[in-house]
Structure formats: structure tokens, C-alpha cells
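The structure appears below as C-alpha cells.
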Amino acid sequence: MAIPRIVIVGGGAGGLALATRLGHTLGKKKRAEIVLLDRNATHVWKPLLHELATGILNSTMDEVDFRGHSSVHGYRYQRGSLCGLDRTAKTLTLSPILDEDGKEVLPGRTLSYDYLVLSLGSVSNDFGTEGVAEHCHFMDSPGQAKAFQRDMINTFLRYTDPALRRHTTLSVGIVGGGATGVELAAELLDVSRLLNAYGVTNVDSDQLSVHLIEAAPRILPGLSERVSQTVHQELERLGVNIHVDTAIKRAEADRLVTGDDEEIETDLNVWAAGIMAPPFLAELGLTVNKKHQVCVEQTMQSVDDPHIFAMGDCASCPQGEDATVPPRAQAAHQQATALAKNLARALEGKPLAPFKYKDHGSLVSLARYDAVGNLMRGSASRGLFLEGWLARNAYASLYRMHQLSIHGAPRTGLTWLVDKLNRYLKPRMKLH
């Protein structure tokens, strides 16, 4: 008798943690076949994409190869992109896989499931703003982060020749004052120092203008006002130009135009404002909200089909009255743990438990300069405010916790040791 198949679509923070946990509890014990489907061959923790974009993170050392990881942890990896869903037949339709030249290397195919988990994360929402798709970089995937790094280094190189400069100073416009925008702004200041030190360019921080643009009245609007004000002051001290209550109505190759028709001259544009689930989720025949998130019960089951689950940023999971689980990495990890237990219950015919999100706080990294955050239990009023050395170490521990969830303690400990050694053996920045 064939064992049930659980297919997880999306190998992000939550999806990979879920596949790992299910591989150990169900896959290795032959209680279920666990399949992880992802269009990429490797995994990079999304909260670190801003470091990948600036070269501080070396993807060849920090990425996880799905095939190698799956062979150790009891699940099966398939490469592909979901493009269709047949709920009656319980099959997925996968798009053909193309190489870098657009040639087909693997044809479209179907994949059957008994239980399906959608863990596709989120993408940036440009709200239909004119010129954004053509003239702004996004930070939704490792490929986009690497594309920004190439463009960034080339722009710094171009500014070594005064005849090739577009503006008086090299200018970067970052639209979106959330965690990604804030952390990228701080990293860019550090990167200018490193590129100068390595002799790549003679542009230093005095010749770099970083503009952080937020439509809300303050940056980090989703965090406490104390954290927001502290980060605002620190960024201004570092030299970041912060524009709040400022909406962008048009992006051009060398400028951003605000709603008041003011122009901010730029050489590089980054759009990090607003998120939504991948739009194709609205084409699968499942109930979604206006952000294309799959509407689920508190058990994380789709409101349309008890055999389909959704978690992480691509799901709208209720939490109390008029509230949903926020799109954060810690939420995805908590859901992965809860969903692993619920899927085991489903296989045994037992009732599923509702998911209850616990907010453990938020930390924001300001590159090597500082870190600020609030560790809490339940509400900001009972939070513990952190900054400086303690906050930087707490922030670093978040990545180690993610590594623990997908590698286990022994390998995470060895990885930590290797990272320490590489700080002395390799350049701090990846320059190619």
C-alpha cells in the first residue's frame, strides 16, 4: 500500500524548516513521502538578502543545496515552478524548466499529492507605480539581490571617472522604510567604506547619498515608536537622508519623482515598499485576499479544501478579531513547527490544533554600526528594549536559530566555527 505524499511548494524559511521536520518525523519512518518543490536549486535565508545584495554575505558559503540537504534529512527535492492545481485529481502542474539561454532542460509535468502545503513567501508590491518595474531593483530572491550587487559595483566603478558620473554624488534611492530598506541603507554605507579600502573605487561615504523614502509618518511603522525613533536617529547620524510622509508616483532611470512632484536624483533605485503573495496564487481556484494571500483557517487549512494548507507570507491566517499572522520570519518558523504536528494528526485522523502566533519581538541590524530591537512576550508594553552589542548578538542569533531548525545542533556549531575562521581568512565583502 502506497504511503501518503505531502508536497511542500516553496523552500523558504518556513518551507525548508517544515520539510526538514517532516523528513525526520515522517519521511525517515516511512509514514509519508515528503516532497519539497522549489524553482531554485538552493536556499538563502530571506532576511539576509540585503547582505547578499551588498556582497557582505557570500552566497556560495551560506546557501543550502536542496538536493544535498534532502538526502540527509529524509525528504525528496524536485525542481520546478507551480503553474496549475487540480483539486479534484489532487495534482499539481509544473512549468518547464529553462536554462540561462531559455532552452528547455526539463519539460512541464504533473505531481500528485495527498496533502499540499503552499509556502511561497511574498514579493514586493509596487502598487502599479509608473516606472518601478523598469527602473527599480527588488529584493525578493537571491537572483534579484545578486543583480543589484552587480549593478552597484559597476556604478561605484563608473564614479571613479568624473566624465561618467550622472550626478554630483553617487546616489541610491531606497523606497520603503521597513526592515529591508533600513538594513540595506546601513549596509550601503559600510560597503562604500569597504570598496574604498579594497581599492575598487575612490568613492567614499562623503561622496555617497543614500535616500530612504517612506510613505508613512515614520520608518519601521510596524515596530514600536521607540525602536523607530532610535533607528531614525542612528541612520541620520550615519548620513542617511530620510524622507517620511513621502510617496513615490514615478520612477525613472536617474531619479524618483514624489507625489509632490519633487525629484530625488538617483543612480540606483531599490523598491522595498509593501509586500504581497505571488499573483499566480489567485489563479489556482483558491480563495485569496486582495494581496493574493491564500485564506486559511486557524489550523492553516485552506477555507476551500482541508487537504491544502498555506503558511508564511503567502497565507492569511486569522489571529483573534480582525487580525492575521504578520509576514515575519519568526511567524513562518512557528507555523512550520505547528503544521508539522497538524499534518501528523491529519495522517492519524485526529482533529487539528489551531495555530497561535507568539510575538517574540523584532530586531533591526544597522550593519557593523549598531542593532536595535525589542524583545517581547505578547505586547510591546512588556517588551525589553535592546541596542548596541547586546542587540547585535541577539540579531546574529536569529540566523543561528534558523540554521538549527534545518541542520541540527552539530552542523550549526561547525558552521559557526567555519564562519569565525573565514572572518580572518577571506575578505569581508564578496567583490564579484
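The values are calculated or read from the model by the stated rules, or taken from the named source; none is laboratory data. A quick note: this is a predicted structure, and the numbers were derived from the prediction, not measured. Heads up, the Cβs are rebuilt from the backbone with ideal geometry, glycines too, and the neighbour counts pull from every protein chain shown. When the accessible area is computed, the model is the full protein with side chains, heavy atoms only, and any ligands, DNA or RNA have been set aside. Shrake-Rupley method; radii C 1.70, N 1.55, O 1.52, S 1.80 Å.
At a glance:
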read-out: Subset of the stretch 221-246 (residues that are at pLDDT 95 or above and in a loop (DSSP other than H, G, I, E, B)); value: VAL240, VAL244, ASP245, THR246
read-out: Scan of the stretch 233-257 for residues that are in contact with a Lys or Arg (Cβ under 9 Å, 6 or more places away or on another chain) and either within 14 Å of ILE174 (Cβ to Cβ) or buried (at least 20 other Cβ atoms within 10 Å of the Cβ) (or both), ordered by number; value: VAL244, LEU256
read-out: Single unsatisfied condition, LEU36 versus (1) open to solvent by 30 Å² or more (accessible area, probe 1.4 Å); (2) modelled with pLDDT of 95 or more; (3) over 30 Å from ALA251 (Cα atoms); value: (1)
read-out: Filtered residue count, the stretch 126-142, keeping only those that are farther than 22 Å from LEU220 by Cβ and in contact (Cβ under 8 Å) with a residue 12 or more places away in the chain; value: 6
read-out: Criterion: open to solvent by less than 40 Å² (accessible area, probe 1.4 Å), touching a Gly at 6+ places or on another chain (Cβ under 8 Å) and within 15 Å of HIS43 (Cα to Cα) - qualifying residue of SER70, SER95; value: SER70
read-out: Residue ID - farthest from PRO47 (Cα to Cα), chosen from residues in the stretch 115-166 that are of a type in the set (S, T, N, Q), assigned to a helix (DSSP H, G or I) and open to solvent by less than 50 Å² (accessible area, probe 1.4 Å); value: THR155
read-out: Residue within the stretch 177-192 that is open to solvent by less than 40 Å² (accessible area, probe 1.4 Å), part of a helix (DSSP H, G or I) and touching a Lys or Arg at 6+ places or on another chain (Cβ under 6 Å) present; value: yes
read-out: Test: residue in the stretch 8-29 that is farther than 22 Å from ALA310 by Cα, outside any strand (DSSP E or B) and open to solvent by 20 Å² or more (accessible area, probe 1.4 Å); value: yes
read-out: Candidates LEU386, LEU375, LEU398, LEU390 - the one that is among the hydrophobic types (A, V, I, L, M, F, W, C), open to solvent by 50 Å² or more (accessible area, probe 1.4 Å) and assigned to a strand (DSSP E or B); value: LEU375
read-out: Hits in the stretch 98-114 - residues which are in contact (Cβ under 8 Å) with a residue 24 or more places away in the chain, part of a loop (DSSP other than H, G, I, E, B) and either surrounded by fewer than 18 Cβ atoms within 10 Å (Cβ to Cβ) or within 18 Å of the chain's Cα centre (by Cα) (or both); value: GLY108, ASP114
read-out: Identity of the residue in the stretch 141-162, farther than 16 Å from VAL200 by Cβ and of a type in the set (A, V, I, L, M), that ends up farthest from the chain's Cα centre (by Cα); value: ALA147
read-out: Every residue from the stretch 30-47 that is part of a strand (DSSP E or B) and either of a type in the set (Val, Ile, Thr) or touching a helix residue (DSSP H, G or I) at 6+ places or on another chain (Cβ under 8 Å) (or both); value: GLU33, ILE34, VAL35, LEU36, ASP38, THR42, HIS43
read-out: Some residue of the stretch 56-65 being of a type in the set (Gly, Ala, Ser), closer than 28 Å to ILE406 by Cα and surrounded by fewer than 18 Cβ atoms within 10 Å (Cβ to Cβ); value: no
read-out: Wholly within the stretch 264-372, strands (runs of 3 or more DSSP E) carrying at least 1 residues that are more than 20 Å from the chain's Cα centre (by Cα), in contact (Cβ under 8 Å) with a residue 24 or more places away in the chain and surrounded by 15 or more Cβ atoms within 10 Å (Cβ to Cβ); value: 268-271, 308-310
read-out: Number of positions in the stretch 204-224 that are surrounded by 18 or more Cβ atoms within 10 Å (Cβ to Cβ) and over 25 Å from VAL257 (Cβ atoms); value: 2
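The rows are residues; the columns are (1) on the phi < 0 side of the Ramachandran plot; (2) touching a residue at least 60 places away in the same chain (Cβ under 8 Å); (3) among the aliphatic types (A, V, I, L, M).
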site: GLY176; (1), (2), (3): no, yes, no
site: ARG193; (1), (2), (3): yes, no, no
site: ALA197; (1), (2), (3): yes, no, yes
site: THR201; (1), (2), (3): yes, no, no
site: ALA215; (1), (2), (3): yes, no, yes
site: THR230; (1), (2), (3): yes, yes, no
